[in-house]
Amino acid sequence: GNWGRDNLNAHFNDSTNCEMQLLAKDGIYIQDYPRSITSATIPTGGRADVMVRCSVAGTYEFLDFEEKNMLTVSVTGSTVSSSDLSAWTPDYPAYLTDLTSTSSTNGCDCETAFRGCDEEDKTCVNGELFDKSLYIHTVEFGSVVQREIRGMNNHPYHQHVYPFQLVDGVDSLSDADENTYFQTGDWHDVISMDTTGAVTGRYVADVHDGVIMLHCHILTHEDEGTMAQELVIDGGSCACDILYEGENN
């Protein structure tokens, strides 16, 4: 199918009378809370916390990427005054420390790419279909990890265990209209990019060691092998495309 339109693109049919304010994505508050958006371009498997305010009584449709109505909002009663949401910066835990100006640890900058492979109609991760004995990258516990994430036909990339901060390539994400839903500095665990661009994400691997699963969040693709593993090793080292064969615990 055409997976190039897998983002929800949730929006009102009337953005003048109904506004949307973005508060959090993938369970993590944004740094510039609240952020005014006209469309929530949520990728498959992504989540968003959005507050809505309609200023005029009426019936409004909430549409998806195909302009189909997902739900109808009925606003009744007289107009009341309401103040805008106040700006607020959350206190982030240590594992969400801002990394936009932090370099990755030597050897910990790797590419993870979803591309077509020899198997008919299947997509590999760095040239491999899933094999439980393979780890496409190894990670040194405590290191600053950087990933150049590349997609194909907007496959949604989902990473378990560690959310990652968007530090470059935001223009490659599927938010072409206004580029407000995705911004540099945001934290995610799932993104979906176009066919040519790369998105740079960073995180610090200092909470859990062991296996990190990553996969396409179109579940039929995942079931067909579009998923992979990384291995965080306490006392180990970072290496790219190592295809390390080890015990899957």
Check your understanding: What is the spin-label model distance, in nm, from Asn13 to Glu224 if the labels are put 7 Å beyond Cα along the C-beta direction?
Key -> 3.5 nm
Review point. Taking the mean number of other Cβ atoms within 10 Å as a proxy for protection, how do you rank 64-74, 136-146 from highest to lowest?
Key: 136-146, 64-74
Review point. How much length is gained if the chain between Val80 and Thr180 is pulled fully straight, taking 0.36 nm per residue apart and subtracting their Cα-Cα distance, in nm to one decimal?
Key: 33.2 nm
Point to revise | Using a Förster distance of 30 Å, the FRET efficiency for Ser101-Gln21 (Cβ separation, nearest 0.05) | key: 0.65
Revision key, fill the gap. Taking the chain and a Cβ-Cβ threshold of 4.7 Å, the cysteines left without a partner are Cys216
Check your understanding: What are the residues whose amide H is under 5 Å from the amide H of Asp186, where those residues sit 5 or more places off or on another chain and H is modelled from the backbone?
Key -> Leu166
Exercise for review: Please report, as a whole percent, how much of the solvent-accessible surface of the chain comes from carbon and sulfur atoms (probe radius 1.4 Å).
Suggested key: 45 percent
Check your understanding: Add -39500 (n - 2.57) for each DSSP H run of 4 or more in the chain, then divide by its residues: what number comes out at 222 nm, to the nearest 500 deg cm²/dmol?
Key -> -500 deg cm²/dmol
Review point. Can you work out the FRET efficiency for the pair Met51 and Asp171, with r the C-beta to C-beta distance and R0 = 25 Å, to the nearest 0.05?
Key: 0.40
Point to revise | Label-point gap, in nm, between Ser36 and Asp64 - each point 7 angstrom along Cα→Cβ | key: 2.9 nm
Review point. Per residue, what accessible area does the chain have, given a 1.4 Å probe and all protein chains present, in Å²?
Key: 49 Å²
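The values are calculated or read from the model by the stated rules, or taken from the named source; none is laboratory data. Treat the numbers as computed from the prediction; the structure is a model and nothing was measured. Cβ: placed from backbone, ideal geometry, glycine included. Neighbour counts: every protein chain shown. Accessible surface areas use protein heavy atoms only, side chains included; no ligands, DNA or RNA. Shrake-Rupley method; radii C 1.70, N 1.55, O 1.52, S 1.80 Å.
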